[in-house]
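Data block below; observations after.
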Amino acid sequence: MNVQLEGGHTQAVLSIAVTTDEHPHCLYTAAGKKIQVFDLRSFRDPVEEYDFNEDEINQIVINKKEKYLAACDDSGQVKVINLDEKKLYRTLRKHTNICATVSFRPNRDSDLLSGAYDCKLIQWDFARVRSVCTMSMQDFGTAGEAIGSPMLTPPFVHSLALSSDGGIMAVGTENALVEIFDASKRTLSYRKTFRRHTQGVCQVHFPVFNDNFLVSGGNDGNIFLWDMTHSSGLGVTCNGLSNGKPHCEEVLPKFTIEHSHKVNWISSGVCANRKFFVVADNTCDPMLYAFPE
């Protein structure tokens, strides 16, 4: 089932998210400063629109209970929207550069993570508008080992994703690496690095129907499906303490798609018992792919 959605944005779609329970059949898309909502049952014009962000939106994400939507933008801010009341709930400000990615932590109602071009990953208590801890991605991975990646490329944080139970976190960086962290405890611990992309990893995503896999998409136009059942770790924690040096581990992806455009955002869902993931790129129309079984 490959379908293009038309009649909504007039700018490139940079981010998408899908709800399944509290707001069924809804697909949220972001372009420019606006967020539009589509009904997956009709694939027609948008049914709702939000306009709270002050600059171009880079990513949107919805929390596990489907009550809040977070949108980060080029100003470095994160806007948290209450979907039930359809209004702005909180604004988070601390990043010193473009905020490219944001994610809620499952099973931690007020926890949110954001990553930016200041190479920082910030953990927030968004209800209190307070940062809990800050991590520098310069402390992790080995940029020189990334395939085709310049050794001096800064590890700008492009994307992050957490498994449905919140136990694993993946981070995609400009130096073509996918960093994997243990997020089962309050503080994060480094586990390993995936390296296969030749340019910045702009999206990482755990399919909503299977935490055993991770999907990554890059500026190189490649989409990789990774097997997460093989795990190892060294225990580099949020407070900087380490039991060993971070390293890159040679792991091959289970599946590869050569997408025709630079990937901007990946999401997934199930409709009519069909598993799919959605890819937004530099065109105005997202692409739906059937999930490989």
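Give the residues of the range 50-67 that are more than 24 Å from Val208 (Cα to Cα) and surrounded by fewer than 21 Cβ atoms within 10 Å (Cβ to Cβ), sorted by residue number. The answer is Asp51, Phe52, Glu54, Asp55, Glu56. Being of a type in the set (Gly, Ala, Ser) and buried (at least 16 other Cβ atoms within 10 Å of the Cβ), is that true of even one residue in the range 41-48? No, the range 41-48 contains no residue that is of a type in the set (Gly, Ala, Ser) and buried (at least 16 other Cβ atoms within 10 Å of the Cβ). In the range 143-151, the count of residues that are β-branched (Val, Ile, Thr), over 19 Å from the mean Cα position of the chain (by Cα) and at pLDDT 95 or above is zero. The set of residues in the range 248-284 being farther than 19 Å from Ala17 by Cα, touching a residue at least 40 places away in the same chain (Cβ under 8 Å) and aliphatic (A, V, I, L, M) consists of Val251, Leu252.
Of all residues in the range 254-274, how many are surrounded by 15 or more Cβ atoms within 10 Å (Cβ to Cβ), in a loop (DSSP other than H, G, I, E, B) and at pLDDT 85 or above?
Total satisfying the criteria: 2.
The residues in the range 186-215 that are touching a Gly at 6+ places or on another chain (Cβ under 6 Å), part of a strand (DSSP E or B) and under 17 Å from Val251 (Cα atoms) can be counted, and the count is 4.
The values are calculated or read from the model by the stated rules, or taken from the named source; none is laboratory data. Treat the numbers as computed from the prediction; the structure is a model and nothing was measured. Every residue, glycine as well, gets a Cβ built from its backbone with ideal geometry; the counts of neighbours run over all protein chains shown.
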